[in-house]
Amino acid sequence: MPVDGFMYPNEIELQWSVLIVVYPFLTGLVAGAFILASLERIFHVEAVKPTYRLALLTALAFLLVSPMPLQLHLGRPERSLEMYLTPHKTSAMAMFGFVYLWYLMAVLVLEIWLEYRKEIVLMAQSAIGWKKPIYKVMTLGSNSISEAALRVDDRVGYAVTMIGIPSAFLLHGYVGFIFGSVKANPWWNTTLMPVVFLFSAIVSGIAMVLLLYMGVTKWRKEVISMRCVDTVAQYLLYMFLIDFTLEMLDLIHRIYEADESFRSLGFMMHTKLFFSQVVLQIIVGTIVPIVVLGFVQFVKLSDQSRRVLYGAAAVLTLIGIFAMRWNVVIGGQLFSKSFLGYTSYKLDLISREGLFVAASLLILPFVMLYVLMKLLPPWPAAQVQAAAVHGD
């Protein structure tokens, strides 16, 4: 592995690979999708209602896959169970295990079950074929769909969503906390790291749901609600502006502070990270989407033109957020703690932590989402029941 200057022996080979880039990217999509879903449930933004169920299922699909990069990265993945059997309260990574289980079982799965319970009961009664026993199990023995029971479901679901919002913040904010608490690494050690991670997660989740909503609706040959798409794009722009402001604030603080690491970090931005940070993250993945989304707000365009621009902005946003994760995880390991040397990262094609595995982990959530949508379609209830009756 090529090394420039002086590197300590334990710094030449990177300890965290592309899998640790994929991990915060996936968890960020979970948090962002759930926040978008909460807009309709908690804040009564009726315009985004068509994306509510889709956002919940998207969050669940990505949440189920999010621990896999960590498991593949571990040399002894079976030992991860120790965090539950022998909890260590001072370990942020160990506490994540409990945060993950809490968010999965007590928040996301429960809210989805409450949201779909009426349809699940109806489908358990009318479905045919292999789906019928699955829906029977999913009812959990709760078959009452009276108005009183559904009102209870709605009230409990509202409370779960209220609890879920800070839980979503905690789920992804802790990832930034892990990096920000590494005092020996000036690239990571900033109090803004958890906040930047959190808002970038919200941005990526909203962009992903926006793309999925337009794609799924188009695939089903249904009419895309432009009121919904316009509103989601507006929230994406608002969150993007906050995220960009926080990142610029962090950059200005580093420039003003100009400690002994500043020259080394600046050199990396102009050399090893120029393409991934300056080109992909800042220009392609941040400035261009913000300009595109802002342009649509001030210029009257046709529905088709707006959809194309929203789709392009969302794709570029996801590229930029992934580049940001790459620059934090990989970029933070490329320079020596002595600030006198630099190493490189070689991404293998086929290995346990190579490109093929990382790409598979990015594709797997969409496969799981497809399965979830087959069991729990996110479109209107009447269509859900009709699909169950016909066995589709």
Q) List the lysines whose alpha-carbon lies under 30 Å from that of Lys272, not counting same-chain residues fewer than 8 positions away? A) Lys183, Lys337, Lys346
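Can you pull the percent of region 45-88's accessible area that's carbon plus sulfur, 1.4 Å probe, other chains left in place? Walk me through the intermediate numbers first.
Details: 1310 of 2020 Å².
Answer for region 45-88 is 65 percent, counting heavy atoms of protein chains only.
Give me the percent of the accessible area of region 112-234 that comes from carbon and sulfur atoms, probe 1.4 Å, all protein chains in place. Show your work: numbers first, answer last.
Numbers: 3660 of 5540 Å².
Of all accessible area on region 112-234, carbon and sulfur atoms account for 66 percent.
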**Q.** Partner aspartates and glutamates for Lys300 [C-alpha distance under 18 Å; skip if fewer than 8 residues away on the same chain]
**A.** Asp230
Q: Leaving ligands, DNA and RNA out of it, rank Tyr256, Tyr8, Tyr310 by accessible area with a 1.4 Å probe, largest first.
A: Tyr256, Tyr8, Tyr310
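Give the average over all directions of the projected area of the C-alpha convex hull of the chain, one decimal, in nm².
Numbers: hull surface 85.4 nm².
It is 21.3 nm².
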Q. What dipole magnitude, in Debye to the nearest 20, does the chain give about its Cα centre under +1 on Lys/Arg Cβ and -1 on Asp/Glu Cβ?
A. 820
Q: May I ask which residue of Phe262, Leu236, Ile252 lies farthest towards the positive end of the charge dipole of region 227-350, with charges of +1 (Lys, Arg) and -1 (Asp, Glu) on Cβ and the Cα centre as origin?
A: Leu236
Q) Residues of region 136-167 with amide nitrogen under 11 Å from the 7 Å Cα-to-Cβ point of Gln125? A) 143-146
Q) Looking only at GluC sites (Glu not before Pro) in DSSP loops with at most 14 other Cβ atoms within 10 Å, what is the longest site-free stretch of the chain? A) 14-221
Q | On Cα atoms only, tilt of 19-41 relative to the major axis of the chain in degrees | A | 40
Q: Normalising by the residue count of region 118-217, find the relative contact order in percent from Cα pairs under 8 Å and 6+ residues apart.
A: 16
Q) Roughly how big is region 1-141's charge dipole about its Cα centre, with Cβ charges of +1 (Lys, Arg) and -1 (Asp, Glu), in debye to the nearest 20? A) 780
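So, for the chain, what is the accessible surface per residue at a probe of 1.4 Å, expressed in square angstrom?
About 47 Å² of surface per residue is accessible.
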Q. Using Cα pairs under 8 angstrom and six or more residues apart, how large is the relative contact order of the chain, in percent?
A. 31
Q. Using 7 Å Cα-to-Cβ label points, what is the Leu251/Tyr370 separation (nm, one decimal)?
A. 3.9
Q) Counting only protein heavy atoms and using a 1.4 Å probe, what share of the accessible area of region 252-297 belongs to carbon plus sulfur, as a whole percent? A) 73
Q.
Residue by residue through region 215-220, what is 3J(HN,Hα) from phi via Karplus (6.51 cos²θ - 1.76 cosθ + 1.60, θ = phi - 60°)? Round to whole Hz and write x for glycine and proline.
A. x, 5, 5, 5, 4, 7
Q) So for Met95, Met105, what's the accessible-area order with a 1.4 Å probe, most first? A) Met105, Met95
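If you average the sequence gap of Cα pairs under 8 Å that are 6 or more apart and divide by the length of region 29-112, what percent do you get for the contact order?
Numbers: 51 pairs, mean separation 22.8, N = 84.
Computed value for region 29-112: 27 percent relative contact order.
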Q) Under a straight-distance cross-link criterion of Cα-Cα below 19 Å, which lysines are reachable from Lys136, leaving out those fewer than 8 residues away in the same chain? A) Lys118, Lys374
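The values are calculated or read from the model by the stated rules, or taken from the named source; none is laboratory data. In this text the structure is predicted, and so the values were computed from the model without any measurement. Positions of Cβ are backbone-derived with ideal geometry, glycine not excepted, and every protein chain shown enters the neighbour counts. With ligands, DNA and RNA removed, areas are computed over all heavy atoms of the protein, side chains included. Shrake-Rupley method; radii C 1.70, N 1.55, O 1.52, S 1.80 Å.
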